[in-house]
Amino acid sequence: MASDTIELHSPHSPAECARRLRLVTDPARRFRGKNPLIGLVEDTSLRLRRRIAYRNSFQIYLFATVGPELGGSRISCTFRMHGLAIAFIVVWFSLVGIGLAVGIVAAFDLFGIAPAMHGPLWPAAILPILMAVFAWVWLKLARKLAIEDEAFLIEFLRFALDAEPETQVPWQRAANR
């Protein structure tokens, strides 16, 4: 997944770009639809994802701003997971880290509490490790399933908006504004 911004230039106005994308985009809350994209299309911004037949919370989203430019529109695209998926990952691994710290303290009897407890304490250290491995494998699998989404979304924008990748260098771009 690229973290760079991809710049596209469309010969259409921002309003026309939004109109064209609304025709092929279903709203995010619609469960059934036939359009290839799901998301939110506004006149100056986009949040789109590819329609898939299964659930993938770690799917790639295209976040873009659309602005007027001499001879059309500039579309600045970035790709990332949805903010809630990122928050879930942060919370999950934070809890795993806390659990691992507590588990290590308990498993190695760092505070001398083992005589008061019955049974082995090693599962307290193993469980957080298993949770971390599970989350890592789950995340890798979900990201592998979404690996082609970025290319699909860019090609779809290029097709729907007659857009081409930006070829100007920054000083030429500033001169055109």
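Go through the residues of region 46-68 one by one and say whether even a single one is more than 15 Å from L153 (Cα to Cα), part of a loop (DSSP other than H, G, I, E, B) and touching a Pro at 6+ places or on another chain (Cβ under 8 Å).
no
Here are the criteria: (1) at pLDDT below 90; (2) over 19 Å from F152 (Cβ atoms); (3) of a type in the set (A, V, I, L, M). Tell me which single one M81 does not satisfy.
Among (1) at pLDDT below 90; (2) over 19 Å from F152 (Cβ atoms); (3) of a type in the set (A, V, I, L, M), the lone unmet condition for M81 is (2).
When you check P115 against the structure, is it closer than 17 Å to A160 by Cα and either out of contact with any Pro (no Cβ under 9 Å at 6 or more places or on another chain) or modelled with pLDDT under 85 (or both), yes or no?
Details: closer than 17 Å to A160 by Cα: no; either out of contact with any Pro (no Cβ under 9 Å at 6 or more places or on another chain) or modelled with pLDDT under 85 (or both): yes.
Judged against the criteria, P115 is not a match.
Is it the case that A85 is touching a Ser or Thr at 6+ places or on another chain (Cβ under 8 Å), farther than 23 Å from W136 by Cα and of a type in the set (A, V, I, L, M)?
Details: touching a Ser or Thr at 6+ places or on another chain (Cβ under 8 Å): yes; farther than 23 Å from W136 by Cα: no; of a type in the set (A, V, I, L, M): yes.
No; evaluated as a whole, the condition is false for this residue.
The values are calculated or read from the model by the stated rules, or taken from the named source; none is laboratory data. The structure presented is a predicted model; accordingly, all values stated were derived computationally and were not measured. Note: ideal-geometry Cβ built from the backbone for every residue, glycine included; neighbour counts use all protein chains shown.
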